1. Counting Lys and Arg as +1 and Asp and Glu as -1, each charge on the Cβ, what is the dipole of region B:75-178 about the Cα centre in debye, to the nearest 20?
2. When averaged across all projection directions, what area in nm² does the alpha-carbon convex hull of chain A cover?
3. Taking only Cα atoms, what is the 0 to 90° angle, nearest 10, from helix A:2-13's long axis to the longest principal axis of chain A?
4. Rg and Dmax in Å for region B:75-178, alpha carbons only: what are they?
5. Between A:95, A:361, A:372, where does the largest GNM mean-square fluctuation fall for chain A, given springs only between Cα atoms within less than 10 Å?
6. Output the peptides A:124-132, B:96-104 sorted from most to least packed, where packing is the average of other Cβ atoms within 10 Å over each peptide's residues.
7. Where the centroid of each part is defined by its Cα atoms, how far is region A:213-287 from region B:125-180 in Å?
8. Calculate one ³J(HN,Hα) per residue across region B:135-151 by plugging θ = phi - 60° into the Karplus curve 6.51 cos²θ - 1.76 cosθ + 1.60, and present them in order as whole Hz with x for glycine and proline.
Amino acid sequence: MRYILFLLVSLNLFAVDATVKIEKDVENRTRIALVDGSSMTNHNFFKILQADFKISGHFLADKTHHKGDIRSNYLLPILKSKEYVLKYSLVQKSGTKLLIRLLKVSDGTEVFKKSYTIPSKNKIPFLAHKAVSDINTVLKYPDISWMNRYVIYARYTTPGKSEIVLADYTFNYKKSIIKGGLNLFPKWADKDQKSFYYSSYNGLRPILYKMNIYTGKKVKMTTSEGMLVCSDVRKDGKKLLLTMAPKGQADIYELDVSTKTTSRVTNFNGIDVNGKYLDDESSIVFVSDRLGYANIFKKDLHASSVSQVVYHGRNNNAVDAYGSKIVYASRESQKSFGSNTFNIYLTSSNSTSTRPLTTTGTNQFPKFSIDGNIILYTKHKGNGSSIGYINLESQQSLLFPIYGRKVQSIDW
Amino acid sequence: MIRKSRIIIVTMSAMLCMGCSQKAPDLDVEEGTNNISDSTEIARDTVAIDENSYGNENTDGVNGTKYNSSSDGFQSIYFGFGDYSISSSMENHITTNTNVINSTSATIKIEGNCDEFGTDEYNYALGLKRAKAVKDSIASQGVAESKMVIISYGESNPTCTSPTDSCYEKNRRVDLRLVK
């Protein structure tokens, strides 16, 4: 009996696959249908709108791609079971224009109407994200403007070469902003996403640069022998956590952006990497092999004592933090080669409770959204790779395929 | 006459009903004032920089396009999975490399590399530990540390890309070359 109980508990614990679990009662979400009034049907745009509504955690979007006149208030009888109908029209000529009307089904009134235009045809996904986040705001749901932000990532192209790419969160929009050379570890420098830090590995020593994405202006921040990574940026942008090795030893340092001076945060004769500001930013969480394998630790910025955060797994080699929340990747299998199972776990600095967010495949690079409510991660399963998102509150999840080369590092 | 009157009444009623239908919304009224670019930077164009076209700050040929294994008479040092200790089978490579260093006045670049199974920062730190282990081993044979510079390329510079064990072994290595 005891074994059966243990089995049931185990099954329940590890059934929390973010790719299938829908914990929030669907009845609590707003039922909405989409009616496309565009003269040229764009099914991909419809799918993006649907995805936006889903990952918001606030809407239950009808899967049917309905067609209808955007100017008419007429609603098909089949839509009467919905609470809202979004009528939209996408027009692409020299640029792109999106018209939306949100109708309340119960009385047919127009709740919201807006027109969006952008000069680029490539940035259509951002129109969908902006429209859905505006509708979310109009209906007074918690903010989801994270979906309007860029994702920035580095990917390898050929041995010794990489590129840094901007994308929307669905990866339907992608643009290479630095091509050629070996430029790695992009990290947003400010909450407005005007500049980012990255490491150039094109010389004898790695160099950390800050680059403006609109002007291309770049500023050298610091350099180090061995390796150099900007792991985190303080919320006010004034300090950075770096992994660097001025004496050939990878440790965590804090850089003052205005004076460009660094102070050493960890001092260990092994591997200390991936520092992230924790709690009120007076402490950090990081990855270290001080127990003989990669695991998650924390320490006060100005004290020497280090404490272990995670007590399971034999290879926990990536971490991110938001306030007291901590998310990390843990290797579940012990194969020396081939694909290992890596899962993402959520814990906190002030609690021992831990819950898995994924259960299958190789899940890596967990990153909190700017509001701490969504986790971005990469998933490899079989021959395919995807970018995944988990809404921590509603536990809604989404996967979008990543075509092409391996992601080296990612931020959003 | 009666039929004609009925037709007129029906037609007028139909026209009246059409007039009663809800007014088509003016969809263009907010265009421009509520443009997406008013509230976000998304509409602004971003740069596209091609470092292949105008070069880097220091292209000394150390990255993969010219060569991605040891050169200049040096021999690469290979490591076990997740390991950064030098095995006894690699000691003769260390000796060979020390002899090459002693025969030149040039600075030596020692590059740590990994297979593809680590994650971003940790893999680069592992490559660095390998490079540091080789540097320390050569230094223990009397070579000045100031003559050697180490760097980690993580998993970015594979010599072999097939999904086989023997291929992965070739990527867990430290390369040495002269800084020219």
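1. Taking the Cα centre of region B:75-178 as origin, the dipole is about 420 debye.
2. About 23.3 nm², averaged over all directions.
3. Tilt relative to chain A: about 70 degrees.
4. Just the Cα atoms of region B:75-178 yield Rg and Dmax of 13.1, 40 Å.
5. A:95
6. Result, highest mean Cβ count within 10 Å first: A:124-132, B:96-104.
7. Going from one Cα centre to the other spans 24 Å.
8. Working through the residues one at a time gives 4, 5, 5, 5, 4, 5, 9, x, 7, 5, 4, 5, 7, 10, 10, 10, 8 Hz.
Any read-out appearing in this document is the output of simple, stated calculations on the displayed coordinates, not a laboratory observation. No experiment lies behind these values; they were computed from the predicted model shown. Cβ coordinates were reconstructed from backbone atoms using ideal geometry, including for glycine residues, and neighbour counts include every protein chain displayed.
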